[in-house]
Amino acid sequence: MKTRELSIQAMLLAAAVVLAYIEMMVPPLVPLPGIKAGLPNIVILVCLYWLGRRQALTVSLLRILLVSLFTGTWLGPGFYVSLSGALLALAVLSALRDSRLSPIGLSVLGASFHNLGQLLAAAALLGTAQVLWLLPWFLLGSIPLGVVTGIPTQLLRNRGIFSQRPDRNATISG
Amino acid sequence: MKPTARDRDTRLRGWVNRWDLLAMALVVLTALLLLLWPAMVRTGGSDTVEVSVDGQIAVLPLLEDGHHPFEGPDSPFVVSVQDRTVRMERAGCPDQLCVHQGALRGPSGTIVCLPNRTIIRIPGEPAYDGVSR
């Protein structure tokens, strides 16, 4: 096992959990469970570029698991909404990571599909498709939110951090 | 450390390239298309309007524009239907609250005129505008 990669992964997971916690302290933007600004996605995106797809999936799933256990929402409606959003977003992010999109553009698409996944789960849980009418507003919102969550990854990539994979025994500069 | 071709590309072109802008434009376009989807789907209501005057219910078509005069217990009033919306066009009641309520687009909401004991609504399952845990 590559210890360095494991440590980075653990650190990113901790950061994702903390960001999710911080996010819970601000009042929600809309009165639906589990729909938030998406601060932990900053970390997921960094992990996707830095460590890889599998690692990003692990961090994302563990983040949802841990936060739901900490807040007592395990297997509650918000849990399924988060899970659905995170999985759909990560599928899109993984598929398009090596495209010509920069991290910021990718982040916007990820945020859009995150919202789509969340609303689909909410629609299934509530047994009505009416919530999907929120989708256009969420999509418009995902542009600024996606740009903001993409900036840290863009910064790290512009510094060349991601071209030195931690398992290649390289020192991290910057 | 040697930057990859893609890293150099980003440095040269700055932060956002044309593909990013294209992706964002697609997202905005999708959102606008969904917003411009006819308001009728959004309401999910029926094609009729129910006007209940002092307990008696009259049903008006929502698909035909028109002005429908009624004789209320307080005063006469006119309900008008236009472009799948319904509103109280004119009422003889003193406060005119029903007129100021504006138009109904769907099953969420009602127009009420207390002096005339009148309730106007579009039957159907209301669209959710919020869900609490």
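What to note about this one:
- Candidate set: segment A:123-134, residues that are assigned to a helix (DSSP H, G or I) and more than 8 Å from chain B (Cβ to nearest Cβ); chosen: the one farthest from B:Leu34 (Cα to Cα): A:Leu125
- Test: residue in segment A:44-64 that is among the hydroxyl-bearing types (Ser, Thr, Tyr), out of contact with any Gly (no Cβ under 8 Å at 6 or more places or on another chain) and under 25 Å from A:Leu140 (Cβ atoms): yes
- Looking across B:Glu50, B:Glu64, one residue alone is surrounded by 14 or more Cβ atoms within 10 Å (Cβ to Cβ), of a type in the set (D, E, K, R) and touching a residue at least 12 places away in the same chain (Cβ under 8 Å). It is B:Glu50.
- Pick from segment A:80-89, criterion surrounded by 19 or more Cβ atoms within 10 Å (Cβ to Cβ) and of a type in the set (A, V, I, L, M), ranking: farthest from the other protein chains (Cβ to nearest Cβ): A:Ala86
- Which listed residue, of B:Val86, B:Val49, B:Val79, B:Val59, is in contact with a Phe, Trp or Tyr (Cβ under 7 Å, 6 or more places away or on another chain), assigned to a strand (DSSP E or B) and at pLDDT 85 or above: B:Val79
To keep it simple, each residue is scored yes or no on (1) without any contact (Cβ under 8 Å) to a residue 24 or more places away in the chain; (2) assigned to a loop (DSSP other than H, G, I, E, B); (3) within 9 Å of chain B (Cβ to nearest Cβ); (4) touching a helix residue (DSSP H, G or I) at 6+ places or on another chain (Cβ under 7 Å).
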| position | (1), (2), (3), (4) |
| --- | --- |
| A:Arg100 | yes, yes, yes, yes |
| A:Gly110 | no, no, no, yes |
| A:His114 | no, no, no, yes |
| A:Gly117 | no, no, no, yes |
| A:Ala121 | no, no, no, yes |
| A:Pro136 | yes, no, yes, yes |
| A:Ser142 | no, no, yes, yes |
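- Residues in segment B:1-33 that are among the aliphatic types (A, V, I, L, M) and either closer than 18 Å to A:Ser99 by Cβ or at pLDDT below 85 (or both): B:Met1, B:Ala5, B:Leu12, B:Val16, B:Leu21, B:Leu22, B:Ala23, B:Met24, B:Ala25, B:Leu26, B:Val27.
- In summary, A:Val92 fulfils each of the numbered conditions (1) more than 10 Å from chain B (Cβ to nearest Cβ); (2) surrounded by 24 or more Cβ atoms within 10 Å (Cβ to Cβ) with the single exception of condition (2).
- Some residue of segment A:131-138 being modelled with pLDDT under 90 and surrounded by fewer than 18 Cβ atoms within 10 Å (Cβ to Cβ): yes
- Single residue of A:Met11, A:Met1, A:Met25 found to be at pLDDT 95 or above and over 12 Å from the mean Cα position of the chain (by Cα): A:Met11
The values are calculated or read from the model by the stated rules, or taken from the named source; none is laboratory data. It should be emphasised that the depicted structure is a prediction, and the values quoted were computed from it without experimental measurement. As a convention, Cβ positions derive from the backbone with ideal geometry for all residues, glycine included, and neighbour counts pool all protein chains shown.
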